[in-house]
Structure formats: C-alpha cells, structure tokens
1. Out of segment 1-48, which residues are open to solvent by 80 Å² or more (accessible area, probe 1.4 Å), in contact (Cβ under 8 Å) with a residue 12 or more places away in the chain and of a type in the set (A, V, I, L, M, F, W, C)?
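The values are calculated or read from the model by the stated rules, or taken from the named source; none is laboratory data. Just so we're clear, the structure is a prediction, and the values are computed from it rather than from any experiment. Here the Cβ positions follow ideal geometry from the backbone for every residue, glycine too, while neighbour counts run over all protein chains shown. We work out accessible area using only protein heavy atoms, side chains counted, and drop any ligands, DNA or RNA first. Shrake-Rupley method; radii C 1.70, N 1.55, O 1.52, S 1.80 Å.
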Amino acid sequence: MKLRERYRQLQDPAVVKAMVVRSVYASMALEDQAVPLARLEALYEQTAPIPPAGAVAR
C-alpha cells in the first residue's frame, strides 16, 4: 500500500503545500532564521513536480 493510498488527504495539492510550508517555516524558526510565510509559499510555487520517467504529456 502506497502512502497516498493510505492517507487520502495527501492527494490534495493544497494540503501537501500547507504541510511543507508549515514544516519549513517551523524548522527555520527553530534555527533563528525566520522566513516570512509569503516567501516560503512563493518558493514552493517555483518547485514543479517532476513527472515520472516514461510519462507521456497529453
């Protein structure tokens, strides 16, 4: 069973984005390197998922 099958909320891109941004924000804050949430969201938007090898764009 894959992680996405077990936890259906991981199929929602907004939920994944919120989890990643919140985790990075908290990690940076623990290191006294606070970064504005807006900046982290902008950086997240710049990262595009890499399609699996052999995937055909339609």
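1. L37
A quick yes/no check of all residues on (1) in contact with a His (Cβ under 6 Å, 6 or more places away or on another chain); (2) modelled with pLDDT of 90 or more; (3) assigned to a helix (DSSP H, G or I):
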| residue | (1), (2), (3) |
| --- | --- |
| L10 | no, no, yes |
| R22 | no, yes, yes |
| Y25 | no, yes, yes |
| M28 | no, yes, yes |
| A34 | no, no, no |
| A48 | no, no, no |
| V56 | no, no, no |
